[in-house]
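Worksheet for the structure shown next.
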Amino acid sequence: MDAYLIAVGSVVLIYALLAIGLNLQYGETGLINFGHVAFFALGAYASALLALRGWPLPASFAVAAAVAAVAAVPLGLAALRLRQDYLAIVTLGFSETVRLVLQEERAITSGVQGLPGIPKLFGAIGGKGTDLAILLALLAAVALAAWATHLLKASPFGRLLRAIRDNEAAVTALGKDPARYKIQVFMFGAALAGIAGAFYAHFLTFISPEQFVPLVTFYVWMSIILGGVGSLRGALAGTLLLVAFLEGSRFIRDLVPGVAEVQMASVRLAIVGLALILFVLYRPQGLFGRRAS
Amino acid sequence: MTLVGVANLAVNGLVEGAVIALPALALTLVMSIARFPNAATGDLMTLGAYVAVGVQALLVGSAFGTPLLGMTLATVAAVIVCAVVSVAAYELIFRRLGRAAMVASLLASIGLAFLIRSLITLVIGHEQHTFALPLVRAWNFGGLRILPSDLVIGAVALVVLAAVFAWLRFGRSGRLLRAVADNPDLARLSGIRAQRLMWLLWALAGVLSAIGGVLLGVKSVVMPELGWELLLPAFAAMILGGIGSPAGAVIGALLMGVGQELSVPLVGPTYKIAVAFGVLFVVLLLRPAGLFGRPELAR
Amino acid sequence: MLDVRNVCVEFDRFRAVDGVTLSVPPTAIVGIAGTNGAGKTTLFGAIAGQLPLARGEILFEGHDISRLPPNRRARWGLARTFQVPREFGSLTVLDNLRAAAPNDTHESLRAAWFGRPGAARADAELERRADDVLALTGLSKMRDQLASSLSGGQKKLLELARALMGSPKCILLDEPFAGVNPVLVARLLDVLRAVHARGIALVVIEHNLQALKAFAQRLVVMDQGRVIADGEPGAVLDDRRVQEAYMGGVV
C-alpha cells in the first residue's frame, strides 16, 4: 500500500507541475495553451535521450527545462499576434506536430516503440528508497515552483500579467508591450512542463509518443478548471481531484470484472468530456474559485 | 518527380481537399455566427461515418443493399443523426454559453468531441470498419491514375458544396444566414426567427460534417480518430481561406489538400498533419485574414 | 507639438479618414466634433497607432511616429483613452494606476524572484504618485475597490487617471462625457481643467457641443472623413457648413 501511495503521490506532483505552469499561462495571463503536453513530451524525451547517452541526471533535467522553454518561443511569438481562439488552434496543432515528429523520427526517438530502460531517478538507492526519494524530489520541485509562481503573482510583473489578461489593448495604449511578458510566461510555464516531463521519464523509465496525446493537455485543463482558474491553490486541489479520478477509474476496473482497459479508457475520455462541458456550463469558477471567471 | 507523378498527387489532393472543404465550411459558418471554433466538428464527422457504415452493414443483402441505394440511405441516416446531435449540442450547451467568453464554448466543444468519440468506442469498439463497396480499379490515362471512387467522392462533395452555396445565395433562410455571418451585429435579431436561424446553422454544420465523414470513410477507413485527424487541416483551410468567407474555406481546403499531397515526396506521407500545421502557422503570422477574409475580424 | 499631416485611413476601399491635417500646440485644448461616422474615433486610432495610415504622417514633438506601434507612441508622451472604458476589471483602482505607470525595472521576472534594489522606495513613490492622480481625478475614495465595480462615469475617470500615470504631454480623450450624467459633467470639466493646468495638451472628441464650447480653445469639425472647420469654437459653430453638416440642427 505504501508503495502505491508513493507512486500516486508522485503522479499527483508531476501533474501539479503541469497545472501550475498552465494556470500561470491561462489563469493569470489569458493565454489559451492547448498544446501543453508538447512541452511535457519534449522535456521527457530530452532528458531520457541524454540520460540514455550517459549524461548525469541534473544536467539532463536542466536541458529538459531549457528545451521546453526554447520550444515555447515560437508559440510565444505567435501568441503576440493571434486572437485567443487562433492561439488555441495553433498550440493544439503544435502539440500534435511534436507528437508526430517523436513518432516518425525513429532514428532518434525509436518512434512508436518508445524508449525503455530510462535510468530511474535516484536508482542507486534501490528499492523503496528510490521511490521515496523521487517523491521527495518532486515535492521539493513543486514547492519551489509554487513559491516562484506565488512571488511572481504578487509582484508588479504579476500585476501586469493580470492587466494583460483583463485588457491587452489598454496595456499597449499605456506604453507597455505585452509581448515580452507573454513570451516569458509562456517560457516559464513550458519549462515547468519540461521538468515535469523529465521527472515523468525517470520515474516511469519508459516513454512513448502515445503517452503525450492532447488528452493529457485537457486533463491539466480540467485540473485548473476544477480548482478554479487563476488560483494557485485551486490548481493544486484540482490536480488532486484529477488524479483521484484517474486512479479511481482503475479501481473500478478491479471491482467490476470484465471491463477491458480499453473500455475504461473510453469511460475516462467520456467523463473528461462531460466534466469539461458541465463545469463550463454550470460552475465556471471551479469548485474552489471565488469569483466567476 | 515526374510531371505525371505530380499530377497524380494533385488529383488525389483535389479529392482530399474537396472532402476537407465540407467540415471547413461547417467550421467557418459556425465561426462567423457563433464566434468560436467548434472543435467537435471532427468527431461529428466520425459519428456520421460510423452511422453510415452501420446502416449500410444492416442493409447489405437486403433489397436496399445495392451499393448506390445502400450508401444513399446510409448517408441519409448519418445526415439525420449528425444534424440532430449538432442542434442538440447547440440547444443544450452552446446556446446557454452565449454570453460567456469564447474560451468557454471552445472548451465545451472539446469536451463534446471527447464525449462523442468515447461513446462511439464504448458502443461500437475501437476496430476499424470499411464500407461494403465493390472494389474498383483505377483508370489509367498514360500514367495518370484516377480511382472511379475518388471521382464519385469528389463529385458528391462538389454537388453538396454547390447546393449549400446556392442555398446561401438564393434561398431565403440561406441569405439571412449569410447576412448574419457577414454582419455579426445582425445576430441581435430577437425572437423565434433568430432561434430558427441558429437551428438551421447548426443543422447545416451537422449535415456537412456527416457527409464529410462518410466521404472520408469511403476514401479510407472508419476509425475513432477519423474526424479528429481532419480537424487541424479543416481549421487550416478555414483560416487560409479567411474567416467569414465560405468560398474561401472551400478554396482553402482545396489548396490544403493539394498542398498536403504535394508535400509527400518531400516529407513523407505521415507528416501531412505537420504540413497543415505549418500552413496554419505561416498564414496566421503573415496574413491572419487569410486569402479572402476581412482584416478587421482577424486580430 | 502634435502634427497630423494629410492622414488617410482606409478600410478595404472605404476612406474613413480622408486627408486630415491638424496641428495641436503644446498645452492646447482642442475639441473634435462631428456627426456619427465622421471619422473622429478612426482619426484617434490613426494618431495613437491602433490603425495603420494609408497615407500621410504623424509627428510628435518633431519625431515621426507614423510607423510606431501604440505602446511606443505612448512612451513619447502621447496618451489615449477609449470611448468604451477599458479598465482592468480584476484589479483594484490603485492597482490599475500602478499597472499603468512606466515601471520597467520592477516589472520583470528577475525583480519578482530576486528582489530589486530600492524596491521599497520605488513602490512608495509609485503609490504616492497614484494617490496624487486619484486625488486629481476625484477617485480617492474608490482606491481599493475593484475596477469592475465602478460606475460608467467612474470608469471614464479611471481611464483618464491611468493615462496620467505615464506623465503624458498630450492626451487624446475619446468622448469623455458620453453617458455621464449632467451633474458629473461639471465635475469632469473641473478635472479636465485641472489636468490641463499641469501643462498637458488635450484633444477631445465629443458630441456634447455645449461642454466643448465651454472648454475647448479650438474646435475642429469633421464630416465624412474630412475637416470642414477649424478655429475658435464660437466662430466654428456659427459656420454654415458646420450647421449643414449637422443637418440644419441648431448647434
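No lab work stands behind these numbers, since they all come straight from the coordinates. Quick caveat: nothing in here was measured; it's all calculated off a predicted structure. Methodologically, a virtual Cβ is constructed for each residue, glycine included, from the backbone with ideal geometry; neighbour enumeration extends over all protein chains shown.
What are the ³J(HN,Hα) values, in whole Hz, obtained from phi via the Karplus relation 6.51 cos²θ - 1.76 cosθ + 1.60 with θ = phi - 60°, for each residue of the stretch A:45-58 in sequence order, with x given for Gly and Pro?
5, 4, 5, 4, 4, 5, 4, 5, 9, x, 5, x, 4, x
How about A:K120: which lysines have a C-alpha closer than 20 Å to its C-alpha, ignoring those fewer than 8 places off in the same chain?
Within the straight-line cut-off, A:K120 pairs with A:K128.
Read phi for every residue in the stretch C:133-145 and hand back ³J(HN,Hα) as whole Hz from Karplus 6.51 cos²θ - 1.76 cosθ + 1.60, θ = phi - 60°, with x for Gly and Pro.
So the Karplus estimates, Gly and Pro as x, are 5, 4, 5, 4, 8, x, 9, 3, 5, 8, 2, 9, 8 Hz.
Report, for the protein assembly as shown, the % of DSSP beta bridges that are antiparallel, rounded to 5.
The antiparallel proportion sits near 60 percent.
For C:K155, which lysines qualify as cross-link partners when the Cα separation must be under 21 Å and same-chain residues fewer than eight apart are set aside?
Hits, sequence-local ones excluded: A:K176, C:K141.
At 222 nm, what value in deg cm²/dmol follows for chain B if DSSP H runs of at least 4 each add -39500 (n - 2.57) and the sum is divided by all its residues, to the nearest 500?
-24500 deg cm²/dmol
How charged is the neighbourhood of A:R99? Take every other residue with its Cβ under 15 Å from the Cβ of A:R99, and add Lys/Arg as +1 and Asp/Glu as -1.
-4
What FRET efficiency comes out for C:W113 versus B:V267 if R0 is 56 angstrom and r is the Cβ-Cβ distance? Round to the nearest 0.05.
According to the calculation, E is roughly 0.85.
If you average the alpha carbon positions of the stretch A:48-103 and of the stretch C:94-167, how far apart do those two centres end up, in angstrom?
Computed from Cα coordinates, the inter-centre distance equals 36 Å.
Would you please give the residues with an amide H less than 5 Å from that of C:L2, counting only those at least 5 places away or on a separate chain, with H modeled from the backbone geometry?
C:V24, C:E61
Once phi is turned into ³J(HN,Hα) by the Karplus curve 6.51 cos²θ - 1.76 cosθ + 1.60 with θ = phi - 60°, what whole-Hz value does each residue of the stretch A:203-216 show in order, with x for glycine and proline?
The phi angles translate into 9, 7, 6, 8, 10, 8, x, 4, 6, 10, 8, x, 3, 4 Hz.
With label points built 7 Å along Cα→Cβ from the Cα atoms of C:A122 and A:A154, find their separation and express it in nm.
Roughly 1.8 nm, to one decimal.
List every residue whose amide H lies under 5 Å from the amide H of C:I29, counting only residues 5 or more places away in sequence or on a different chain, with H placed 1.01 Å from N in the peptide plane.
Correct list: C:L202, C:Q217, C:R218.
For chain C, set up a GNM with springs between Cα atoms under 10 Å and report which of C:R73, C:R218, C:R241 has the largest fluctuation.
Its mean-square fluctuation being the largest, the pick is C:R241.
Which whole-number percent is the relative contact order of chain C (Cα, under 8 Å, 6+ apart)?
28 percent
Using the crude model of +1 on Lys and Arg Cβ and -1 on Asp and Glu Cβ, and no other charge, please compute the dipole size for the stretch B:17-166 relative to its Cα centre, in debye to 20.
Result for the stretch B:17-166 is approximately 300 debye, rounded to the nearest 20.
Under a plain spin-label model, where a point goes 7 Å from the Cα along Cα-to-Cβ, how far apart in nm are B:R169 and A:L255?
So the label points at B:R169 and A:L255 sit 6.1 nm apart.
Largest first and in whole Å, what are the equivalent-ellipsoid semi-axes of the protein assembly as shown based on the Cα gyration tensor, each being the root of 5 times an eigenvalue?
Gyration-tensor ellipsoid for the protein assembly as shown: 50, 37, 23 Å.
Tell me the Kirkwood radius of chain B: reciprocal of the mean inverse pair distance over distinct alpha-carbon atoms, in Å.
Taking every pair of different Cα atoms in chain B, averaging 1/r and inverting gives 19.5 Å.
Taking the Cα centre of the stretch C:2-245 as the origin and placing charges on Cβ (Lys, Arg +1; Asp, Glu -1), which of C:S151, C:V183, C:L91 is farthest toward the positive end of the dipole?
Going by the charge dipole, the pick is C:L91.
To the nearest 500 deg cm²/dmol, what mean residue ellipticity at 222 nm is calculated for chain A from DSSP H runs of n ≥ 4 alone, each contributing -39,500 (n - 2.57), summed and divided by the residues?
Rounded to the nearest 500, the figure is -25500 deg cm²/dmol.
Rank B:G154, B:G241, B:G212 by mean-square fluctuation in a GNM of chain B with C-alpha springs under 10 angstrom and give only the top-ranked residue.
Per the Cα network of chain B with a 10 Å cutoff, B:G154 tops the list.
Mind pulling the angle between the C-alpha long axis of helix A:232-255 and the longest principal axis of chain A? Nearest 10 degrees, somewhere in 0 to 90.
Relative to chain A, helix A:232-255 is tipped by roughly 30 degrees.
For chain A, with a Gaussian network of springs between Cα atoms less than 10 Å apart, report the residue from A:A16, A:A137, A:A265 with the top mean-square fluctuation.
Highest fluctuation among the options: A:A265.
Starting from the Cα of C:R193, step 7 Å along the direction of its Cβ; do the same at A:L215; then give the gap between the two resulting points in nm.
Placing both labels 7 Å beyond Cα along the Cβ direction yields 7.0 nm.
Relative contact order, percent, of the stretch B:38-154 when contacts are C-alpha pairs under 8 Å separated by at least 6 residues?
34 percent
Distance check, please: which entries in C:K40/C:K213; A:K153/A:K182; C:K156/C:K213 exceed 19 angstrom between their Cα atoms?
Over 19 Å Cα-Cα: C:K156/C:K213.
Compute the angle between helix A:261-282 and the longest alpha-carbon principal axis of chain A, please, reported from 0 to 90 degrees and rounded to the nearest 10.
Once rounded, one gets 20 degrees.
How much net charge surrounds B:V136 when only the other residues with a Cβ under 15 Å from the Cβ of B:V136 are counted, with Lys and Arg +1 and Asp and Glu -1?
Charge balance near B:V136 sits at +2.
How far, in degrees from 0 to 90, does helix C:152-165 lean away from the longest principal axis of the Cα atoms of chain C, to the nearest 10?
70 degrees
In chain B, which whole DSSP H runs stretch at least 18 Å along their own axis (Cα) and average -1.0 or higher on the Kyte-Doolittle scale?
B:3-34, B:41-59, B:67-89, B:102-123, B:148-170, B:192-219, B:226-241, B:246-267, B:272-286
Near C:I58, within a Cβ-to-Cβ distance under 11 Å, what is the net charge of the other residues, with Lys and Arg +1 and Asp and Glu -1?
0
Quote the FRET efficiency, to the nearest 0.05, computed for A:D177 versus A:R53 with a Förster distance R0 of 35 Å and r equal to the Cβ-Cβ distance.
Between A:D177 and A:R53 the formula returns 0.30.
Residue farthest toward the positive end of the dipole of the protein assembly as shown, with Cβ of Lys/Arg at +1 and Asp/Glu at -1: which of B:M238, A:L52, B:G70?
Comparing the listed Cα positions along the dipole, B:M238 ranks first.
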